[in-house]
1. Quick one: what pairs do we get from segment 10-23, first residue crowded, with 21+ Cβ neighbours inside 10 Å, second in a loop (DSSP other than H, G, I, E, B), C-beta under 6 Å, 6+ apart or different chains?
2. Looking only at strands (runs of 3 or more DSSP E) that lie completely in segment 25-135, which have at least 1 residues being buried (at least 18 other Cβ atoms within 10 Å of the Cβ) and touching a residue at least 60 places away in the same chain (Cβ under 8 Å)?
3. Among the residues of segment 6-33, which ones are under 12 Å from the mean Cα position of the chain (by Cα) and hydrophobic (A, V, I, L, M, F, W, C)?
4. Is one or more of the residues making up segment 112-126 away from the ligand (no atom under 16 Å from the Cβ), under 24 Å from residue 162 (Cβ atoms) and out of contact with any strand residue (DSSP E or B) (no Cβ under 8 Å at 6 or more places or on another chain)?
5. Please go through (1) touching an Asp or Glu at 6+ places or on another chain (Cβ under 7 Å); (2) of a type outside the set (A, V, I, L, M, F, W, C); (3) modelled with pLDDT of 95 or more for residue 80 and return the number of the only condition it doesn't satisfy.
6. Whether any residue in segment 161-173 is more than 22 Å from residue 17 (Cα to Cα), within 16 Å of the ligand (Cβ to nearest atom) and polar (S, T, N, Q) is what I want to check.
7. Would you confirm, using the coordinates I've provided, whether residue 61 is more than 16 Å from the ligand (Cβ to nearest atom) and among the hydroxyl-bearing types (Ser, Thr, Tyr)?
8. If you scan segment 1-34, which residues turn out to be touching a strand residue (DSSP E or B) at 6+ places or on another chain (Cβ under 6 Å) and farther than 26 Å from residue 157 by Cβ?
Amino acid sequence: MRFIGAKNFMVAHRGAVDWIVVHATQGAEKPQQAIATANRFAGIGEPAPIASAHYIVDPTTVIQCVLETDVAWHCKGANRRGIGIEHCGMSEQTPEQWADDGSEAELRQSAVLAAAMCRRWGIPPVKLSPSDIVHGQRGIAGHMDFTEAFKTPGGHMDPGASFPWQHYIELVVAAIDTLTPAPIQAAAAPVAVASADDSDLVTTCDDPNDVCVEAVFDPEHAT
Ligand SMILES: [Zn+2]
């Protein structure tokens, strides 16, 4: 898997993660979008946004941008305890559009990623409701579920009402079944991270939990 380090994130050396946060980028669902988004997070060609995600998935490619042990800035209220997966596409997609070949390819790649996270961090492969989140349960949920759980003003509503949760969780569970047992360990990833130093982070964002990522893609949704 290719690693393109995001400019803005928080070095955290996390030893525990509770949630996998599913996003849609509010951008095109097509090849080359993952790398384009990763380059944006890295500040290649333009200033990097004050946002990031651990992974970006498009129909053909997966890019990692932040180590799982570090905190990416993608979902208000969930950043410190979550891992964010961005899916290239729109939260307005219909059930039929989430079932097309591009979406299916994305979901399958994402499910393999999520399965490894579930194994690595001991996260249950279950879909959480906003109530589950409020009550401290661990698992997988959409950005919109965290927005509702934390009643985030102006919070984002991706990946949208038609995201195929049942199918996605089934894919994750099936992918877990293909993994060989392994001890819990930190994410394996290249060490050459494009690091932002901590003093910069403090001056540019007082609270990483106050960052949602799709503002990168759609300024109208900036909060
Ligand atoms: Zn999101």
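1. Correct list of pairs: 19/78; 19/81; 21/75; 21/78; 22/159; 23/158.
2. Of the strands (runs of 3 or more DSSP E) lying wholly inside segment 25-135, those with at least 1 residues that are buried (at least 18 other Cβ atoms within 10 Å of the Cβ) and touching a residue at least 60 places away in the same chain (Cβ under 8 Å) span 62-64, 82-87.
3. 19, 20, 21, 22, 24
4. Looking for residues that are away from the ligand (no atom under 16 Å from the Cβ), under 24 Å from residue 162 (Cβ atoms) and out of contact with any strand residue (DSSP E or B) (no Cβ under 8 Å at 6 or more places or on another chain), one finds at least one in segment 112-126, hence yes.
5. (1)
6. Keep residues of segment 161-173 that are more than 22 Å from residue 17 (Cα to Cα), which gives 161-164, 166-167.
With the extra rule that they be within 16 Å of the ligand (Cβ to nearest atom), the set shrinks to 161-163.
Adding the requirement that they be polar (S, T, N, Q) leaves 162.
Yes: segment 161-173 contains one or more residues that are more than 22 Å from residue 17 (Cα to Cα), within 16 Å of the ligand (Cβ to nearest atom) and polar (S, T, N, Q).
7. Yes; evaluated as a whole, the condition is true for this residue.
8. Of everything in segment 1-34, those that are touching a strand residue (DSSP E or B) at 6+ places or on another chain (Cβ under 6 Å) and farther than 26 Å from residue 157 by Cβ turn out to be 1, 2, 3, 4, 12.
The values are calculated or read from the model by the stated rules, or taken from the named source; none is laboratory data. It should be emphasised that the depicted structure is a prediction, and the values quoted were computed from it without experimental measurement. Virtual Cβ from ideal backbone geometry, glycine too; neighbours counted across all protein chains shown.
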